Amino acid sequence: MASVQWHSRCRKYEYEKQMRRLEASAVDISDYHPLKAITVTDSKSRRSARKGSTSSTSSSSSSVAPDPLSSLLDGTDPLSLFAAASVIPTIPHSISAGELGMKRKDKEEEVGSDFEPWSCKRGEILSRFTTTEKLSINLFVGSDKSQASSPSSAVSEKVRTRLEELDDLEEGSQRELLNLSQQDYVNRIEELNQSLKEAWGTDQKVKALKIVIQCSKLLSDTSVIQFYPSKFVLITDILDTFGGLVYDRIWSMCAEPHPLPESFSADDVNDTAKETCLNWFFKIASIRELISRLYVEAALLKCNRFLTKAGIQETLQRLTAMIRGIGDPLVAVYARAYLCRVGMEVAPHLKDSLNKNFFDLLASFRQIHGDSVQNQLALQRVEIPVYLTLYSPAIHWILQCVAYRAPEVLLTEMMERCKKLGNNALLLNSIMWAFRAEFVATRATDFIGMIKDCDEAGFPKHLLFASLGRSLSCADPPESERLSVLNEAWKVITKVRSPRDYMSCAEIWVEFTCRHFTKREVNTVLADIIKHMTPDRAFEDAYPQLESVIKKILTYFQDFSVLFSMEKFLPFLDMFQKDSVRVEVCKCIMEVFIKHQQEPTRDPVILNALLHICKTMHDSVNALTLDDEKRALALLINGFIRMVSFGRDFEQQLSFCVEARATFCNLEPVIVHLIHTVNQLAMETNRVMKGSHSRKTAAFVRACAAYSFITIPSLTSIFSRLNLYLLSGQVTLANQCLSQADAFLKAAVGILPEVPRSISIEGKQRSSEPFLLDFINNFLSTLLVVPDHPEQGVLYLVRGLLNMVQDYTWEDNSDAKVRVYISALPLLAAMSQENYLYTIPKVDSNETLYGGDPKFIAELNKLCETLIGQVLDHLKGLGRDDGVRRQGGLAFSLFGCLLAHGDVRNNKLNQLAANLWNLSHKHGFCDARTSVRTLEHIKLQAQQSEMTHLSDLTTRLSLQSRA
Amino acid sequence: MSVSLDLRLKRANKVYHEGELLSGVVVISSRDVLQHQGISLSMEGLVNLQLSSKSVGVFEAFYNSVKPIQLVSSNIEVVKAGKVPAGKTEIPFEFPLQAKGNRVLYETYHGVFVNIQYTLRCDMRRSLLAKDLSKTCEFMVHSQPQKSKVQPNPVDFTITPDTLQNVRERTSLPKFLIRGHLDASTCVITQPLNGELVVENSEVAIKSIELQLVRVETCGCAEGYARDATEIQNIQIAEGDVCHGLSIPIYMVFPRLFTCPTLETTNFKVEFEVNIVIVLHDDHLITENFPLKLVRV
């Protein structure tokens, strides 16, 4: 095809803008609007209005569409009604009665959510009471021989070092499993639990009962005493399973005609079920061993419901008394705990037996220091303090049950009783655990006195203070006592030798201190902790506690200027020397900062400290750091940078950015953020100076540009670099730094060839082409306002860009290059206008530089012609087989471009346009609707006075028939 | 062969008293029509006396006295020879529970040397080719409640080394003082045995305290008798060195079948006793015996 001559269409942007503006049409308010509520006019009332009736009709003349809900509620919902009613001082009788009833019901309600359930304690006990010593299980399970060959026990068979069949009794054998590790023990118990369910499932009720009896028998064995609490937990699990199985079975026997109601009475139960239930009880009553009988009966406590109304209560009382027969105090206290637990589950309203349990416990308390216990401890080489802590879970539990929603009087009585026992530390500890925090808090001074009076040798005092601290962190002691409480407590805590004990105590008291005191006291506490934990690097073992200290401080001190003015805070942070923990702590601090810092800050203390913290986070990044982790860290650091503001002191801000860049060089998102910050800084300066820089600000702005210019190359992501170059270029241009802008844009063009053909986005390889096209289009639109460099040739940057595009290795079979050419045409057309579409204030663009010089225009036209030539060549190349669809599309876009930007009065261009139209329709791949609309548009244009020449073009453009 | 024969009594607990009607159903379930030569029911109550091995020599001469004593016996034909339709068939029956002659229906009791047992047996005779079917089921008889009122007669006890009989070396005994009481020595069989026990002091730690329920069975007649005491059950009420001065409950449920109201007849006697057994840590065994009279009210 012969070369084309390009003539840009002359544009009058202002006029066009006016033409295109939407017609402002007055909107009739009464018009239908989809979001407006439907209004229905009440025809009846209108009629009455027409009659001229005097009654007010305005209220009903138009009502909201009948909404079934609102019409029912009559505008106000019951809740707000109720609230309104409660505001009225005289409450109607009916409501107050209802409220009272509700309250009473609430009180009677069995166990609320404020009762810490056993399941919580369970795990705690299991993890706390462990042993490395060897355990043994002594079992006599009837007819269990077959089990030995079952695969489930085959594994433990190996573990078992000795299996003794001591006696062939009746139908089973007694066997003793020795030398079990704790884990083996747990597994064995779990196996028993399974075989219990299995036996039950296969209708071997007697075997199931035997398993349960044998298991509960294990609870009388106190060898390896440290493990006893855990053993208790494991075995009571089995008992619970058993209790549930029996209850469900009897329940299902009653369900024959229709299921029992939840609140059934013994009369609803049929004879067969009663007989079965009775049978169970007779069987249990004949169990020889006291402890087995006790536990199994307690497990079946709930089944008493099937027999008599008062059964549960009587049984509870009887079992409570029965526990007195248990000589070993530890075994007895756990039996009591189990009974209380079952009692709370089955009949929480029966407080008497709970109290009785506790008083019995007190009565037999001296047993703990009896000879037989001492002998046993000596034999097992367990020290008294360790032994005493074994009691804690059980006593805690009993007291928790007793104290649950108990009246104040009862609690006071309990306390008095404990006092009579000579301020027994063990009890005191449990009281502080189990009683309401408010109760303890109001008597904090008393408690401290009692703790002081306690016997040194027995229960460790730091545990007592820990318990007290726990209560005080939930409830406030009287204001006047607070300081003395803290002083007294800390006096003791600071004397605790073992770092571990010290820390567990201090961790709790920090909360109390933070809650009620100022930074001065907290600082003192921190200093004390540092003093205790530094020797022998004791802090290494206490990271979780130390971390929790920090977290507690952060919840109470959210003003960072106060926080960092504590002298010991940063030294405290220095104790975190293990990297992972350190970073974790830093992250916590930063999260709190970002969440709670409302206003930007320039406080040097905060900045220094946070910079230090952020640097710690940043320095933790290494080659092995996960992307997510990096992202999280970068987010936190960015949050910090965002909060730094030096107000009008821009130079300081810039130097902060410089420092930050040096500090956070490994985190790309932070660097990107910094560049944005600096760019914003430059624009802010511009805004302050109202567009005209003084010499000083100009220098500052150039410094900003320099910052960006040297920072951008350090980024690895190519598109970040490209976009930032462009953005910084735009910013510098806006600040009238022409040479800098030139440098940025040149740099952007310079790295274009480096763009890889595919980039990875969210872990997937994607073609980079759409991103590159986007960028180039963006770039081109910037180029309109960039004035030519006086020392370089005309359109130096445009040419440079197009050359790069030409040389870039595009994907095979891609039209991207041609698309760039087509999109460069509008730019060139825009450049040849007399007045540019947009300009930058105080920057002379090419329009003023060349002033519409014909040589310049000619240059532009020549460039256009070259480009069109390239496009046409490409189109020709596409003419073969599979390219036709793409050919059509490209031809159409070039057509559109010609029409919009070319002067079609020129014959050649006119002809070219017609040809392109035909080409795009030749193979029928053109979207018919677009064609029709384009044609209509041209016709519309042709009606304008200067565009009349378009009308004859339209005659030459024919629509493809729908063949 | 899917034929099953079952006996179901109306009462779930299978307990009946003299003069009452023993009623229930014979349940036959069969997949096909079942041919039979008649179904009959028989009820029988027997006292079996056994001789303990140590007294067998003496008693061989008195063979007669160990012949089972029949208390009740009756027999009825439920269905004459014929066919039972396929599926589940229930045939109701009733027996008046009446003692034979002038005998009394003693309460059901399973002992070692004395057994009082009541059974109901259903037989289905069938043709030569098929096996006869039979099903036996035991039912319980409770004797008539006692007319007179039971007087609570509490028993207090104190056990010290001095109160013990049958001690070899009194000097080697450790010192101890155990006090307590039983609420009653005449016990209602359906109520548990109650009481309390306090270890006031003990020189040697206590290992265990147990309640031992003992039956004393006497078989014999004018010519001579054999009296044997055997343990029914042993219930631990305290384990380990219990707290001194704190009362420990004594509580025992009388097991069913193995106990009955104290019984005295011309041929045999069944009596009960309870022992409080205290085991000390040095394995001294201290036993205190209390005869009990069980009654039914």
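The values are calculated or read from the model by the stated rules, or taken from the named source; none is laboratory data. None of the values given here were measured: they were computed from a predicted structure. Glycine also receives a Cβ, built like all others from the backbone with ideal geometry; neighbour counts cover every protein chain displayed.
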Here are A:SER920, A:SER893: which of them is surrounded by 15 or more Cβ atoms within 10 Å (Cβ to Cβ), in contact with a Phe, Trp or Tyr (Cβ under 8 Å, 6 or more places away or on another chain), under 22 Å from A:LEU825 (Cβ atoms) and not charged (D, E, K, R)? A:SER920
Going residue by residue through segment A:715-725, is there one that turns out to be closer than 20 Å to A:CYS588 by Cα and within 32 Å of the chain's Cα centre (by Cα)? no
Answer yes or no: is there a residue in segment A:921-936 that is assigned to a helix (DSSP H, G or I) and closer than 19 Å to A:SER823 by Cα. yes
For the list (1) surrounded by fewer than 23 Cβ atoms within 10 Å (Cβ to Cβ); (2) assigned to a helix (DSSP H, G or I); (3) touching a residue at least 24 places away in the same chain (Cβ under 8 Å); (4) of a type in the set (A, V, I, L, M, F, W, C), I need the number of the one condition that A:VAL382 fails. (2)
Quick test of your reading of the structure: B:ASN289 fulfils all but one of (1) surrounded by fewer than 17 Cβ atoms within 10 Å (Cβ to Cβ); (2) within 13 Å of chain A (Cβ to nearest Cβ). Name the failing condition by number. (2)
Would a scan of segment A:660-681 turn up a residue that is more than 32 Å from the chain's Cα centre (by Cα) and either farther than 29 Å from A:SER620 by Cα or of a type in the set (Ser, Thr, Tyr) (or both)? yes
Of those in segment B:260-271 that are in contact (Cβ under 8 Å) with a residue 60 or more places away in the chain and surrounded by fewer than 18 Cβ atoms within 10 Å (Cβ to Cβ), the residue farthest from the other protein chains (Cβ to nearest Cβ) is B:ASN267
Collect the residues in segment A:199-231 that are surrounded by fewer than 17 Cβ atoms within 10 Å (Cβ to Cβ) and in a helix (DSSP H, G or I), keeping them in residue-number order. A:GLY201, A:VAL206
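For segment B:192-205, which residues satisfy the criterion of being within 14 Å of another protein chain (Cβ to nearest Cβ) and at pLDDT 90 or above? Spell out the reasoning first.
Of all residues in segment B:192-205, those within 14 Å of another protein chain (Cβ to nearest Cβ) come to B:192-199, B:201-205.
Within segment B:192-205, B:PRO192, B:LEU193, B:ASN194, B:GLY195, B:GLU196, B:LEU197, B:VAL198, B:VAL199 qualify.
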Scope segment B:282-297; condition more than 27 Å from the chain's Cα centre (by Cα) and not in a strand (DSSP E or B); matching residues: B:ASP282, B:ASP283, B:HIS284
Which residues, counting only those in segment A:335-370, are under 18 Å from A:THR222 (Cβ atoms) and more than 14 Å from chain B (Cβ to nearest Cβ)? A:ALA337, A:TYR338
Filtering segment A:809-847 for residues that are out of contact with any Ser or Thr (no Cβ under 8 Å at 6 or more places or on another chain), polar (S, T, N, Q) and part of a loop (DSSP other than H, G, I, E, B) leaves a count of 4
Restricted to segment A:848-877 and to residues being part of a helix (DSSP H, G or I) and among the small types (Gly, Ala, Ser), the residue nearest to A:GLN736 (Cα to Cα) is A:ALA858
Note on segment A:282-329: residues part of a helix (DSSP H, G or I) and facing chain B (nearest Cβ under 8 Å) are A:PHE282, A:ALA285, A:LEU290, A:ILE291, A:ARG293, A:ARG318, A:ALA321, A:MET322, A:ARG324, A:GLY325
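Identify all residues within segment A:269-281 that are more than 7 Å from chain B (Cβ to nearest Cβ), in a helix (DSSP H, G or I) and more than 16 Å from A:LYS205 (Cβ to Cβ); write none if there are none.
Taking segment A:269-281 first, the residues more than 7 Å from chain B (Cβ to nearest Cβ) are A:269-270, A:273-274, A:276-281.
Now restrict to residues that are in a helix (DSSP H, G or I): A:273-274, A:276-281.
A:LYS274, the sole residue that qualifies.
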Of the residues in segment B:244-281, those that are β-branched (Val, Ile, Thr) and part of a loop (DSSP other than H, G, I, E, B) number 5
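Among the listed residues B:SER172, B:SER143, identify the single one that is more than 14 Å from chain A (Cβ to nearest Cβ), polar (S, T, N, Q) and out of contact with any strand residue (DSSP E or B) (no Cβ under 9 Å at 6 or more places or on another chain). Steps first, please.
Numbers: B:SER143 fails: out of contact with any strand residue (DSSP E or B) (no Cβ under 9 Å at 6 or more places or on another chain).
Exactly one residue qualifies, and that residue is B:SER172.
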Do we find that A:VAL373 is over 29 Å from A:GLY243 (Cα atoms), within 14 Å of chain B (Cβ to nearest Cβ) and touching a residue at least 12 places away in the same chain (Cβ under 8 Å) in this structure? yes
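Quick one: is A:ILE671 at pLDDT 90 or above, buried (at least 20 other Cβ atoms within 10 Å of the Cβ), of a type in the set (Val, Ile, Thr) and more than 24 Å from A:VAL843 (Cβ to Cβ)? Don't jump to the end; show me each part of the working.
Numbers: at pLDDT 90 or above: yes; buried (at least 20 other Cβ atoms within 10 Å of the Cβ): yes; of a type in the set (Val, Ile, Thr): yes; more than 24 Å from A:VAL843 (Cβ to Cβ): yes.
Considered against the rule, which asks whether it is at pLDDT 90 or above, buried (at least 20 other Cβ atoms within 10 Å of the Cβ), of a type in the set (Val, Ile, Thr) and more than 24 Å from A:VAL843 (Cβ to Cβ), A:ILE671 comes out as yes.
What's the total number of residues in segment A:678-705 that are touching a residue at least 24 places away in the same chain (Cβ under 8 Å) and not in a loop (DSSP other than H, G, I, E, B)? Outline the logic, then answer.
Let us first name the residues in segment A:678-705 that are touching a residue at least 24 places away in the same chain (Cβ under 8 Å), namely A:678-679, A:681-686, A:688, A:691-693, A:698, A:700-705.
Next, from what is left, pick out any that are not in a loop (DSSP other than H, G, I, E, B): A:678-679, A:681-686, A:688, A:698, A:700-705.
The total comes to 16.
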Count of residues meeting criterion [in a helix (DSSP H, G or I), under 20 Å from A:MET590 (Cβ atoms) and within 28 Å of the chain's Cα centre (by Cα)] in segment A:521-569: 19
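Does segment B:237-259 include one or more residues that are more than 14 Å from chain A (Cβ to nearest Cβ) and crowded, with 16+ Cβ neighbours inside 10 Å?
Residues of segment B:237-259 more than 14 Å from chain A (Cβ to nearest Cβ): none.
Within segment B:237-259, not a single residue is more than 14 Å from chain A (Cβ to nearest Cβ) and crowded, with 16+ Cβ neighbours inside 10 Å.
For (1) over 28 Å from the mean Cα position of the chain (by Cα); (2) more than 19 Å from B:VAL27 (Cα to Cα); (3) assigned to a loop (DSSP other than H, G, I, E, B), each residue gets a yes or a no:
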{"position": "B:ARG103", "(1), (2), (3)": "no, yes, yes"}
{"position": "B:ASN115", "(1), (2), (3)": "no, yes, no"}
{"position": "B:LEU128", "(1), (2), (3)": "yes, yes, yes"}
{"position": "B:SER134", "(1), (2), (3)": "no, no, no"}
What is the one condition in (1) away from every other protein chain (no Cβ under 14 Å); (2) in a strand (DSSP E or B); (3) touching a residue at least 40 places away in the same chain (Cβ under 8 Å) that B:GLU210 does not satisfy? (1)
Just to be sure, is B:HIS181 surrounded by 13 or more Cβ atoms within 10 Å (Cβ to Cβ) and touching a Pro at 6+ places or on another chain (Cβ under 7 Å)? yes
